[in-house]
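The values are calculated or read from the model by the stated rules, or taken from the named source; none is laboratory data. Every value quoted in this text rests on a predicted model; they were computed, and no experiment measured them. Reconstructed Cβ throughout: ideal geometry from the backbone, glycine too, with neighbour counts over all protein chains shown. Only protein heavy atoms, including side chains, enter the accessible area calculation; ligands, DNA and RNA are left aside. Shrake-Rupley method; radii C 1.70, N 1.55, O 1.52, S 1.80 Å.
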Amino acid sequence: MRSEGAILAARNVSKRFGGLYAVCDVSLDVRPGEVVCLLGDNGAGKSTLIKMLTGVTTPTSGELVVDGKPTVFSSPREARDAGIAAVQQFGGTVPLMSVSRNFFLGAELTRGWGPFKRMDLDQAGRIAVQHLAEMGLTRLTDANRLVGSLSGGERQALAIARAMYFGARVLILDEPTAALGVKEATTVLRLVKRTAERGIGVVLVTHNATHAIHVGDRFVVLIHGAVAADFRRGERSRNELINLMAGGEELEHLEAALL
Ligand SMILES: Nc1ncnc2c1ncn2[C@@H]1O[C@H](COP(=O)(O)OP(=O)(O)O)[C@@H](O)[C@H]1O
Ligand SMILES: [Mg+2]
């Protein structure tokens, strides 16, 4: 079976909304230490596929396989418990809370017990800063800083560090670089690489072929919900990738016409 060794796999999954197939018969493997880039134009079905992988929605047909076992995620929580973490744009962080509060949001560290139980903010701050430094954010040394004062890239780094601290094995990022400037996007792409180097499987959704080529080990292109191409690093050029994403239309010709 192709999905051998995969932490997470989709096998022939489809999602239908009324008469429309948003995702049609897609298979995809996520392996430890590999970055899978999921590419496609707007409306290609990328987010719908991601929602099925992360328990936000269930497939109309087909199945998910976790560690070789067919699995149904009834909620994002179940996916998270299986080690599948989704990072939202801006990291799903709360701007008016501190870095350390965001890091432990919903899983607060405490000390003492009964009526003496308190949040252990010092310990939380130390852990947050240490794990952010490991992700390369060495300038972020004050855990009391409000997240609203961080850049978009830093907020995503926080969310990634947090997911890894809480045991993520697969990290799924839906268009993490879409709203970022060039420098910020580079930061996020570096993080993606670093995350994979630690043995995490990464799914990176993007419609930026250049970003994908910088970090991808494997590339899956969706057109109208179906897999139009599935290849490994080095098997196709950037131009081929761009043309594939445009639905096979020759962009060079268009460029020539515009000049
Ligand atoms: N909840 C929904 N109800 C009906 N149609 C949907 C829903 N979610 C997505 N779609 C449709 O499915 C297709 C794929 O959407 P989406 O997965 O968001 O694409 P992408 O993320 O690649 O831009 C689109 O045509 C979209 O309009
Ligand atoms: Mg989308």
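Quick notes on this one:
- Each of GLY125, PRO70, VAL26 was placed along the dipole of the range 1-159 (beta-carbon charges, centred on the mean Cα), and the one lying farthest toward the positive end is GLY125.
- With R₀ fixed at 35 Å, the C-beta to C-beta distance from SER74 to THR110 puts the FRET efficiency at about 0.75.
- Loop-located chymotrypsin sites (Phe, Trp or Tyr not before Pro) in the range 160-222 whose Cβ has at most 14 other Cβ within 10 Å (DSSP): PHE166
- In terms of Cα atoms, the Rg and Dmax of the range 148-223 work out to 12.1, 38 Å.
- For the range 46-91, the Kirkwood hydrodynamic radius comes to 10.9 Å, computed from all pairs of different C-alpha atoms.
- Difference of contour (0.36 nm per residue) and Cα-Cα distance, LYS193 to MET97: 31.8 nm
- Out-of-range pairs (alpha-carbon distance over 28 Å; input LYS15/LYS183; LYS51/LYS193; LYS46/LYS183; LYS15/LYS69): LYS15/LYS183
- Placing unit charges on the Cβ atoms of the charged side chains and taking the dipole of the chain about its Cα centre, the candidate lying farthest along the positive direction among LEU137, VAL170, ASN208 is LEU137.
- Highest-first arrangement of 134-146, 106-118, 8-20, where packing means the average Cβ count within 10 Å: 8-20, 134-146, 106-118
- Of the solvent-accessible surface of the range 1-146, computed with a 1.4 Å probe and all protein chains present, 52% belongs to carbon and sulfur.
- Theoretical FRET efficiency, 1/(1+(r/R0)^6), r = Cβ-Cβ of ALA178 and LYS117, R0 51 Å, to 0.05: 0.80
- Cut-off 16 Å, label 7 Å out along Cα→Cβ of ARG233, residues of the range 167-200 by amide N: 189-200
- Heavy-atom accessible area per residue - the chain, 1.4 Å, Å²: 50 Å²
- Taking all pairs of distinct alpha-carbon atoms in the range 1-67, Kirkwood radius in angstrom: 12.3 Å
- Relative compactness, the range 69-154, computed as alpha-carbon Rg over 2.2 N^0.38 Å: 1.27
- Pair-distance profile P(r), taking every C-alpha pair of the range 22-180, with 5 angstrom steps and integer %: 2, 8, 16, 19, 17, 14, 11, 7, 4, 1, 0
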